[in-house]
1. What nm value, rounded to one decimal, do you get for the distance between LEU116 and VAL64 when each label is placed 7 Å out toward the C-beta?
2. For the chain, return all DSSP H helices satisfying: extent of Cα atoms along own axis at least 18 Å; mean Kyte-Doolittle hydropathy at least 0.0.
3. Express in nm, to one decimal, how much length is gained between ARG72 and LEU123 on full extension, taking 0.36 nm for each residue of separation and deducting their alpha carbon distance.
4. For the chain, what does the helix formula give at 222 nm: sum of -39500 (n - 2.57) over DSSP H segments with n ≥ 4, over the residue count, nearest 500 deg cm²/dmol?
5. Could I have the simple spin-label model distance between ALA23 and GLU8, label points 7 Å from Cα toward Cβ, reported in nm to one decimal?
6. Take every Cα pair under 8 Å in the chain that's 6+ residues apart, average their separations, divide by the length, and report that relative contact order as a whole percent.
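Read-outs: derived from the displayed coordinates by stated rules, not from any lab. Just so it is clear, the structure is predicted and the values come from calculations on it, not from any experiment. Positions of Cβ are generated from backbone atoms using ideal geometry, with glycine treated the same way; all protein chains shown enter the neighbour counts.
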Amino acid sequence: MRAWRHPEALADRPARPWLFAVARNLAVDAYRARQSRPPEAGQEAFETLPAHDDADRTLESWAVAEALASLRPDHRSVIVETYYRGCSVAEAAATLGIPPGTVKSRTYYALKALKLALQERGLAP
């Protein structure tokens, strides 16, 4: 292409050495250009990236912790015992020192209050 665009460069000299020099210079320039900037990432690089990260889960857990902290202490303790520690109603009643029926009713009202607190934070429908 350069010989076609610049015919005056070939007017007084042989074409073959000039074409080889131009091709060599283009190859050297291309190599140096690739070395001067970071390599471009292809589609393969994006396929190796993880599909998700834990940032969303971390933010959600902070919001849930804030919503849980906004509950009354008796409701919060029932939720912690039954859901976070995995205790049964009888075990939670023994741990908290209240009757099992009270654990059930507090759990019901605590979940309603927690749902409301999560809705205020935009985490529940």
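1. In this crude label model, LEU116 to VAL64 measures out at 2.1 nm.
2. 55-69
3. Full extension from ARG72 to LEU123 adds 16.4 nm.
4. -20500 deg cm²/dmol
5. 2.6
6. Relative contact order of the chain: 20 percent.
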